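Inspection log for the structure reproduced underneath, given as structure tokens.
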Amino acid sequence: MPKTRVLLVDDHAVFRMGVRALLQGQESFDVVGEAASGHEALAEAKRLQPDIVLMDITLPDMNGLEAMVQIKAGVPATRVVILTMHEDKDYFFRALQAGASGYVVKGGDSENVLAALRAVEGGGVYLYPSLAKSLVTEYVGDTESPQVRGLSARELEVLRFIAEGLTNKEIASRLVLSITTVETYRTRIMEKLGLHTVAELVRYAVRKGIIRP
């Protein structure tokens with residue numbers, strides 16, 4: 001099975017080195033290139049045609065969100081996962097509106113980076129735990145919601161932990177499950193809630209007043 005080809009974009013070489021080491025330890029990912037700026041990222045994305053670009057927002061020459069828009073326009077098949085220090089709903093939804101398929105906060109568990117890449121690799125969207133909390137709390141609180149009624153007891157249990165902002169590793173520990181199993185539950189839950197694509201996620205956020213259209 002071919003590996004998922006990843007382009008790393010961050011202006012700190014040491015940080016890129018750490019992420020590269022993390023991904024090289026995984027069977028399904030291959031780091032095919034690196035870039036230290038938005039312009040370099042655009043050039044490398046066009047040259048390498050990676051499956052996923054893992055990119056910071058704060059770059060020396062242009063905002064990572066601007067770079068992402070250009071990458072999406074120039075290489076439509078490439079998906080972008082934002083890896084940033086900004087744990088902020090505004091940045092999160094701006095990134096999704098700009099076309100990101102995932103959003104991960106630096107300084108968190110490295111497993112979140114892998115979970116995001118796996119989710120996007122499979123065609124889904126990754127919700128960072130603390131940011132996912134603001135999206136699913138209303139579903140958890142509304143037990144009459146058709147989407148919530150369609151969840152199994154275990155899925156609802158996992159959903160409640162997601163709403164509390166727990167990471168996959170923390171949920172796995174609480175429920176004595178593997179991290180991979182929790183990832184599967186998370187993906188299935190988001191699909192059942194109708195939050196499994198960027199477009200649906202943004203529409204939901206607008207509908208609930210989390211962001212303005």
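The values are calculated or read from the model by the stated rules, or taken from the named source; none is laboratory data. None of the values given here were measured: they were computed from a predicted structure. Quick reminder, even Gly has a Cβ in these numbers, built from the backbone with ideal geometry, and neighbours come from all protein chains shown.
Just a few scattered comments:
- Listing of strands (runs of 3 or more DSSP E) fully contained in the stretch 1-117 that carry 1 or more residues being more than 26 Å from Ile171 (Cα to Cα) and in contact with a strand residue (DSSP E or B) (Cβ under 6 Å, 6 or more places away or on another chain): 4-9, 29-35, 52-55, 79-84
- The stretch 48-72 residues that are assigned by TED's automatic domain parsing to the domain that holds Phe93 and touching a residue at least 12 places away in the same chain (Cβ under 8 Å), paired with ones that are among the basic types (Lys, Arg) and part of a helix (DSSP H, G or I) (beta carbon under 8 Å, 6 or more apart): Leu65/Arg94
- The single condition among (1) farther than 25 Å from Gly122 by Cα; (2) touching an Asp or Glu at 6+ places or on another chain (Cβ under 9 Å) that Val53 does not meet is (1).
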